[in-house]
1. Looking at the stretch B:34-77, which of the residues that are touching a Leu at 6+ places or on another chain (Cβ under 8 Å) and over 21 Å from B:Gln17 (Cβ atoms) is surrounded by the most Cβ atoms within 10 Å (Cβ to Cβ)?
2. Conditions: (1) more than 13 Å from chain B (Cβ to nearest Cβ); (2) under 19 Å from A:Asn67 (Cβ atoms); (3) not aliphatic (A, V, I, L, M). A:Gly16 meets all but one. Number of the miss?
3. Just one of the numbered conditions (1) in a loop (DSSP other than H, G, I, E, B); (2) at pLDDT 95 or above is not true of B:Trp34; which one?
4. Anything in the stretch B:98-114 that is crowded, with 21+ Cβ neighbours inside 10 Å and either in contact with a Cys (Cβ under 6 Å, 6 or more places away or on another chain) or more than 8 Å from chain A (Cβ to nearest Cβ) (or both)? List them, or say none.
5. If only one of B:Arg110, B:Arg94, B:Arg98 is within 22 Å of A:Phe104 (Cβ to Cβ) and free of Cβ contacts under 8 Å to residues at least 60 places away in the same chain, which one is it?
6. Here are the criteria: (1) facing another protein chain (nearest Cβ under 10 Å); (2) assigned to a loop (DSSP other than H, G, I, E, B); (3) closer than 22 Å to A:Gly105 by Cα. Tell me which single one B:Phe45 does not satisfy.
7. Can you list the strands (runs of 3 or more DSSP E) lying wholly within the stretch A:41-100 that have 1 or more residues being within 14 Å of another protein chain (Cβ to nearest Cβ) and touching a His at 6+ places or on another chain (Cβ under 9 Å)?
8. Any residue at all in the stretch B:75-84 that's farther than 19 Å from B:Gly40 by Cβ, free of Cβ contacts under 8 Å to residues at least 24 places away in the same chain and more than 14 Å from chain A (Cβ to nearest Cβ)?
Amino acid sequence: GESVGLHLPTLSVQEGDNSIINCAYSNSASDYFIWYKQESGKGPQFIIDIRSNMDKRQGQRVTVLLNKTVKHLSLQIAATQPGDSAVYFCAVAYGSSNTGKLIFGQGTTLQVKP
Amino acid sequence: DAGVTQSPTHLIKTRGQQVTLRCSPKSGHDTVSWYQQALGQGPQFIFQYYEEEERQRGNFPDRFSGHQFPNYSSELNVNALLLGDSALYLCASRLRYRGHGEAFFGQGTRLTVV
């Protein structure tokens, strides 16, 4: 079945540096991917998504890169701020494009040092 | 707009008991999905409801059941509770024909089974 994994359980960066969080998925037929941010005591919050017909998508201070050849995606956060400290999840939609059931990875905890 | 609201926020149950968790979707949303998030893990999809019927289901036993009401609110029922059912239960809502990128999560219900 589908599986989603993250490369590092914890990432520690200095405030102002760029952060890169990685994720791998197993199903080459997956065509929709999302990054979520989850702060303590809250539900996941949508950050950015990307479809398989794209390699890159940019938002405000965030960029998602998709490499379908090696089934890998990454989230880049520019000029990381203390408010970016949270757990980050990648998720893959399994089934019908962007409405299929979501398979989440295990999460990477981002710690921002002042 | 209150967003997605879940109740209760916390509860403690004894092994073997039954529990009902509730979710009110964001105003205007008609589709509700439930997820189980064990400590330190990513959310796992339980099932999705729209038009008062279960439409998709994850890999969860029949002890997990749900319901959606005409006002789109939803309940998650878990029978014969096991210690392993202890987790954060998340509800997410969206419009049926809109993708996960437009879904909102509630803050979750923390269930502890003792």
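The values are calculated or read from the model by the stated rules, or taken from the named source; none is laboratory data. Because the structure is predicted, anything quoted here is derived from the model rather than measured. Neighbour counts run over all protein chains shown; Cβ positions are idealised from the backbone, glycine included.
1. Here the residue is B:Pro43.
2. If we test A:Gly16 against (1) more than 13 Å from chain B (Cβ to nearest Cβ); (2) under 19 Å from A:Asn67 (Cβ atoms); (3) not aliphatic (A, V, I, L, M), just (2) comes out false.
3. For B:Trp34, the exception is condition (1).
4. Let us first name the residues in the stretch B:98-114 that are crowded, with 21+ Cβ neighbours inside 10 Å, namely B:100, B:103, B:105-106, B:108-109, B:111.
Selection gives B:Gly106, B:Thr109, B:Leu111.
5. Numbers: B:Arg110 fails: free of Cβ contacts under 8 Å to residues at least 60 places away in the same chain; B:Arg94 fails: free of Cβ contacts under 8 Å to residues at least 60 places away in the same chain.
One residue alone meets the criteria, B:Arg98.
6. If we test B:Phe45 against (1) facing another protein chain (nearest Cβ under 10 Å); (2) assigned to a loop (DSSP other than H, G, I, E, B); (3) closer than 22 Å to A:Gly105 by Cα, just (2) comes out false.
7. It comes to A:45-51, A:86-94.
8. No; the residues of the stretch B:75-84 include none that is farther than 19 Å from B:Gly40 by Cβ, free of Cβ contacts under 8 Å to residues at least 24 places away in the same chain and more than 14 Å from chain A (Cβ to nearest Cβ).
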